[in-house]
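Below you'll find the structure, written out as structure tokens, and then a few comments.
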Amino acid sequence: MPAHQSIMSRNCYFIGISWNDSAVADHFKALGRGLAERGHQVVFLISGRRTQDEDHLSNPAVYTWPSRRPTHPRDFAFLRGLIRRYRPDCLIANFGAVNTMILVGRVFGVPVRVPWHHTVSSALDIDAGLSPRMLRFLRWRKRLVLARATCVVAVSTAAAQDLRDVFDVPADKCPVWPLLLADPCTAIQSVDSVRDEWHILCPGRVMWMKGQDILINALPALVERFPRLRVSFVGSGPEQETFITLAEEQGVAGHCEFVGQVTHGEMLRRMSEAALVVVPSRAEALGLVNIESLAVGTPVVASRVGGIVDVIRDGVDGLLVQPDDPAALAEGIARLLDDPAERQRLGRAARQGFLGRFELQTNIGQQVEWYEQLVAERKAQRRSHTAEENTL
């Protein structure tokens with residue numbers, strides 16, 4: 001038996017995640033591997049019917065939900081069967097798996113139930129296109145689910161505030177753990193690769209919440225001052241045609257490229273070659289693109305909203321500007337385009353800040369230990385409660 005197991009007994013953890021080419025998936029895969037390396041049993045529950053990735057014999061084991069999105073009665077029955085087989089001590093739930101895992105876990109007595117809160121309600125209000133009545137219903141349903149969680153992990157202080165204000169989760173049940181990113185500089189040639197000093201990258205889903213229109217409206221003033229400026233909008237989304245039309249109306253279409261969806265690795269490569277990354281979001285729980293930019297040493301000009309302020313340190317590794325303000329955004333971008341030395345200083349600080357705060361291998365161990373401690377505390381509470389009942 002490994003030495004660490006003399007301190008921490010073997011537990012079983014279920015982790016519900018998407019199993020795709022994304023930093024979020026990589027984060028939870030690393031968490032599962034870390035727990036398994038500490039001697040615990042780990043079971044991944046993955047969505048999307050990716051049956052080719054199933055592996056029931058290894059540790060971590062991998063199971064696929066019966067439905068592409070695990071919200072159906074057959075998914076409840078499936079999880080009930082796995083709980084009876086493995087008797088997990090802890091459920092860790094993300095995105096579409098949250099409702100099923102937390103409710104079924106509560107009914108069948110899983111001691112620790114932890115959903116992750118990856119968004120803020122203002123983002124849903126902005127872009128969901130739902131009626132006020134439907135939004136109220138969804139919040140009521142989510143409040144009902146979260147009340148049955150042991151605690152709810154928030155990816156930023158803004159997400160934690162949202163849990164307290166909108167969903168009535170007590171402050172002591174809203175720990176903040178940021179998403180982490182594997183160091184991409186092992187995969188791309190060099191973080192100090194030659195950059196195009198007139199190329200700006202704006203990554204993210206093309207939608208009103210992400211604020212690409214704010215950048216397009218800032219471009220006429222920027223192009224007049226920097227005629228060689230080019231902007232690449234990387235991502236797909238429902239507002240792409242609308243924003244292409246806006247660029248034409250503003251007379252800057254020749255300076256804009258709408259790239260569409262690319263792989264995670266390609267996004268990082270493009271970031272590493274750009275002078276700046278611009279994130280003009282109107283709402284954001286965290287914004288992984290901010291962490292990705294820091295990782296490749298590219299300074300960020302971003303809106304001062306939500307969880308972005310947890311990532312970008314204003315004047316240290318990027319600039320934060322007033323949200324929904326094209327003039328303020330143009331001023332921040334122009335400041336860095338005008339000063340290559342300042343861009344380099346911010347880029348170096350961005351890279352060092354990433355390694356200390358957000359690099360996956362350096363920081364995932366803290367989360368592994370936190371989950372171990374969470375389960376140990378709950379087991380101790382149950383033993384104490386049982387002892388009190390026996391005494392009575």
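List of remarks:
- The long axis of helix 240-249 is offset from the longest Cα principal axis of the chain by roughly 20 degrees.
- Dipole magnitude for the chain: computed about the Cα centre from +1 point charges on Lys and Arg Cβ and -1 point charges on Asp and Glu Cβ, it is near 1940 debye.
- A full extension of the chain between THR245 and ARG69 corresponds to an added length of 59.9 nm, given 0.36 nm per residue minus the alpha carbon distance.
- Assigned charges on the beta-carbon of Lys, Arg, Asp, Glu; the range 16-61 dipole about Cα centre (debye): 100 debye
- Listed by chain and number, the lysines placed with their C-alpha closer than 26 angstrom to that of LYS173 are LYS29, LYS142, LYS379; residues fewer than eight positions away on the same chain are left out.
- Of the residues GLY365, VAL145, LEU346, the one whose Cα sits farthest toward the positive end of the charge dipole of the chain, with +1 on the Cβ of Lys and Arg and -1 on the Cβ of Asp and Glu, is VAL145.
- Label-point gap, in nm, between ARG139 and ASP21 - each point 7 angstrom along Cα→Cβ: 3.8 nm
- Given charges at Cβ of Lys, Arg, Asp, Glu: the range 73-173 dipole, positive-most of ASN94, HIS117, VAL155: ASN94
- Cα-centred dipole magnitude for the range 260-392, charges only on beta-carbon of K, R (+1) and D, E (-1), debye, nearest 20: 240 debye
- With Cα atoms, 0 to 90° folded angle of helix 264-273 axis to the chain main axis: 40 degrees
- Solvent-accessible area of the chain (1.4 angstrom probe, protein heavy atoms only): carbon and sulfur portion equals 50 percent.
- Residues GLN352 and ALA327, FRET efficiency given R0 of 35 Å [Cβ-Cβ distance, rounded to 0.05]: 0.65
- For THR64, the residues whose amide H sits under 5 Å from its own are ILE46, ignoring neighbours fewer than 5 places away on the same chain, with H placed 1.01 Å from N.
- Note on ASP55/ARG205: beta-carbon distance plugged into 1/(1 + (r/R0)^6) with R0 of 30 Å gives a FRET efficiency of 0.45.
- The residues THR362, THR245, sorted by heavy-atom accessible surface at 1.4 Å with ligands and nucleic acids left out, run THR362, THR245 from largest to smallest.
- Residue-count net charge about ILE364 - beta-carbon cut-off 15 Å; Lys, Arg +1, Asp, Glu -1: -2
- Per residue accessible area in Å² of the range 96-188, where ligands, DNA and RNA are left out and the probe is 1.4 Å: 44 Å²
- The range 155-169 and the range 193-256: distance between their alpha carbon centers, rounded to Å: 32 Å
- Positive-end residue, the range 263-382 charge dipole about Cα centroid, Cβ charges, pick of ALA283, HIS264, ALA327: HIS264
The values are calculated or read from the model by the stated rules, or taken from the named source; none is laboratory data. Bear in mind the structure is a predicted one, so any value in this text is a computation, not a measurement. Methodologically, a virtual Cβ is constructed for each residue, glycine included, from the backbone with ideal geometry; neighbour enumeration extends over all protein chains shown. When the accessible area is computed, the model is the full protein with side chains, heavy atoms only, and any ligands, DNA or RNA have been set aside. Shrake-Rupley method; radii C 1.70, N 1.55, O 1.52, S 1.80 Å.
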